[in-house]
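Before any comments, here is the structure.
Just so it is clear, none of the values below were taken in a lab; they were calculated from the coordinates. Everything numeric here is computed off the predicted structure, so don't read it as measured data. All Cβ positions, glycine included, derive from the backbone under ideal geometry; neighbour counts span all protein chains shown.
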Amino acid sequence: MTLRLLGTGHCVPAAAVPNAEFAKTLDTTDEWIVRRTGIRERRLCRDETLLDLALGAAGDALEQAAESGHGTYSLKGTDPDSGMLPPDTRGGTLPPDAVIVSSSTLEYHFPPLACQIGTALGLNGPFCMDVGATCSGFVYALDIAAHYINAGSAGTVLVVAAEKLSPLVDFTDRATCILFGDGAAAAVVTKGDKPYTSYLACAADPDRSLYARTGEKMVMNGSGVYKFAVATAPGAIEAVLRKAGLGLGDIDWFILHQANIRIIESIVSRCGIDPDKVPITLDLYANPSSVTIPLTLDLMRQDGRLLPGQRVLTLGFGAGLTYGASIFEI
Ligand code: UT7
């Protein structure tokens, strides 16, 4: 299989909430949170809806893909009568043939967030679906996109990760509320000439380490999730590298799910990864679940670190217990 990234984007809530805010009402300190998690602040929704965030990220990714010369996508390109994009705008690789959304924190049972995004963007035709695979969700959604693309069922796919964890967080529980954030990030992908490889899996979790029942707050066994992540991630990295016929030295960037700096440091040390190849974004954005990986990709693209030709390995893990890794080139 092959995959090519045409554009990325992200959108986070305006409110940046520093650790000190939690210390006002809870028995915690900025020092404890930074030392045990690496997190300094997170973005939390005040007025923003999940759709607002998703649209911001999707619009940016589509515009960037179009600007890079891969289509004639325009947010204002639809025919006002039919809602369809006129035939003469269907050049290049845009608009997308599919919208695939990763979210485990939906505000609506239905319609799918992917359909809401498609409608709001004026798209009328692409197939749209939501995927729920918790913090691994972007890796899973990208993998579904890669399979449709390589099967010839879609030319270009808009993949969006959008999460609003704040309504599910118990802000009186110091062990969970400090960890999570809200946000969205997106990627536009199409067939490329460089290989794409993935390895997806799910570990049985009879004791439910991390869950949220409908209408209730999340419940987490933090040390259980921690142990799962550090025990499982090295094997997933090794498996995807072996499948791709590559070694650690062939990877330019290891984009690891941003849950806790100590989890990342443990994975890096167990695998023997060069820490300089592991970007950290949890300090400013905490853990917005499946958004962390595409958010990191987009921030790196914006600051110039992510360059064409570089090979990226992504690794996600989360409630389920889902995990997965993929390798592709920029
Ligand atoms: O996407 C996946 C989502 N989930 C995760 O990533 C969770 C992974 N787990 C973790 O990140 C860590 O396990 C936590 C940050 C949740 C907890 O850190 P820890 O170093 O594993 O602490 P611990 O659970 O072993 O607790 C040690 C102490 C406890 O106090 P006692 O019982 O020893 O008196 C906790 O109550 O730290 C206490 N504690 C805190 N103290 C100050 C827990 N949270 C806080 C806090 N401030 N915010």
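Along Cα→Cβ, 7 Å out, is where each label goes; now give me the distance between the ones at Lys243 and Arg36 in nm to one decimal. Distance between label points: 3.5 nm.
Any chance you could run the full-extension gain for His147 through Cys271? It's 0.36 nm times the residue separation minus the Cα-Cα distance, nm to one decimal. Present the calculation step by step, with values, prior to reporting the outcome.
Working: separation 124, 0.36 × 124 = 44.64 nm, distance 2.83 nm.
Taking His147 through Cys271 to full extension adds about 41.8 nm, to one decimal.
Against the chain, whose longest principal axis comes from its Cα atoms, helix 50-65 is set at around 50 degrees. Near Asp283, once Lys and Arg are set to +1 and Asp and Glu to -1 for all other residues with Cβ below 11 Å from its Cβ, the sum equals +1.
With Cβ to Cβ distances under 14 Å as the rule, what net charge do the other residues near Val188 carry (K, R +1; D, E -1)? The answer is -2. Sorted fewest first by neighbouring Cβ atoms within 10 angstrom, Cys202, Cys11 come out as Cys202, Cys11.
Beyond 27 Å, how much of the Cα-Cα pair distribution for segment 200-330 remains, as a whole percent?
Working: 1512 of 8515 pairs.
So the pairs more than 27 Å apart make up 18 percent of the total in segment 200-330.
Inter-label distance, Asp250 to Asn221: 3.7 nm, where each label sits 7 Å from its Cα along the C-beta direction. Extending 7 Å from the Cα toward the beta-carbon at both Asp193 and Thr172 defines two label points whose distance is 6.2 nm. Given the C-alpha centroids of segment 92-112 and segment 190-252, what is the distance between them in whole angstrom? With segment 92-112 and segment 190-252 each reduced to a Cα centre, they are spaced 22 Å. Per residue of the chain, the DSSP helices (runs of n ≥ 4 H) give a summed -39500 (n - 2.57) that works out to -9500 deg cm²/dmol at 222 nm. Here the chain is treated with +1 on each Lys and Arg Cβ and -1 on each Asp and Glu Cβ, and its dipole about the Cα centre works out to around 700 debye. Angle of helix 261-271 to the longest C-alpha principal axis of the chain, folded into 0 to 90 degrees and rounded to 10: 80°. Against the chain, whose longest principal axis comes from its Cα atoms, helix 292-302 is set at around 60 degrees.
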